[in-house]
């Protein structure tokens, strides 16, 4: 089989050569790998400036990572906000229904301490959910603020125009929350920001 192949090494197209190379890698056939490589045709290409092409690739990767991270944080923030609204409405509805039922029973009915206690427990449970999810919401928005500031710092260090980079990413409709929130009320997550900065710089440095 190898003797037959050896007379055709220079005739393989790229796809055939790739599959033969994978097969050689799978069986640790270093000699075959060398034959496939040495017999591969050489070509000369004219292309755009490599620094420009590779630079644009790095910018694209960083912007894509930024967009994906923001989209994830924004989606989580919107879910948290929905849960807060729903829990608050359920709490209010429970309170209203309890009062309506009490009124419907007439003036002679007076809820016992046990009944009133259970009402307060139920309302407190709704409040606990609201407080808990509110904490998650603040954390997600804090991550968003951190992402925006970290990306801005990254652009400055990489010599990229942040304003245009942001507008480019924004075309993908990833800033549904960011465009309608006042970030002044939220803190930056320093540890998260340091991790994101390292990630952006790794993408930029290749």
By how many degrees, 0 to 90 and rounded to 10, does the Cα axis of helix 113-158 deviate from the longest principal axis of the chain?
30 degrees
Output the 0 to 90 degree angle, nearest 10, between the alpha-carbon long axis of helix 14-26 and the longest principal axis computed from the alpha carbons of the chain.
80 degrees
Between residue 117 and residue 27, 0.36 nm times their residue separation minus their Cα-Cα distance comes to what?
25.0 nm
I'd like to know how the stretch 92-167 sits against the 2.2 N^0.38 Å rule of thumb: what's its Cα Rg over that expected value?
2.18
Under a plain spin-label model, where a point goes 7 Å from the Cα along Cα-to-Cβ, how far apart in nm are residue 172 and residue 72?
1.3 nm
Cα centroid separation - the stretch 104-175 against the stretch 49-99, whole Å
10 Å
Note: the stretch 73-206, point scatterers on Cα, Debye, no solvent; log10 I/I(0) at q = 0.12 Å⁻¹ equals -0.63
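For the ranges 14-26, 165-177, what's the packing order if you count other beta-carbon atoms within 10 Å of each residue, average per peptide, and put the highest first? Spell out each step's value before the answer.
Working: 14-26: 12.6, 165-177: 15.1.
Ranking, from highest mean packing down: 165-177, 14-26.
Using helices alone, I'd like the mean residue ellipticity at 222 nm for the chain: each DSSP H run of four-plus residues gives -39500 (n - 2.57), total over residue count, nearest 500. Walk me through the intermediate numbers first.
Numbers: 7 runs with 153 residues, N = 206.
Estimated from H runs of four or more residues: -26000 deg cm²/dmol.
By counting other Cβ atoms within 10 Å of each Cβ, how are 57, 10 ranked from fewest to most?
By the 10 Å Cβ count, ascending, the order reads 10, 57.
I'd like the projected area of the stretch 1-96, averaged over all directions, using the convex hull of its alpha carbons. Report it in nm² with one decimal. Intermediate results must be reported in sequence, preceding the final value.
Numbers: hull surface 51.2 nm².
Across all orientations, the stretch 1-96 yields a mean hull projection of 12.8 nm².
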Cα long-axis angle, helix 50-104 against the chain (0 to 90 degrees, to the nearest 10)
20 degrees
Take 46, 75 and order them by how many other Cβ atoms sit within 10 Å, fewest up front.
46, 75
Can you pull the one-decimal nm distance between simple spin-label points at residue 99 and residue 161, each 7 Å off the Cα toward Cβ?
5.8 nm
When a footprinting reagent is the concern and you count Cβ atoms within 10 Å, what order do 82, 147 take, fewest first?
82, 147
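Since every read-out is calculated from the coordinates, none of them should be taken as a lab result. Keep in mind it's a predicted model, so treat the numbers as computed, not measured. With ideal geometry, Cβ positions are generated from the backbone for all residues, glycine too; neighbour counts draw on all protein chains shown.
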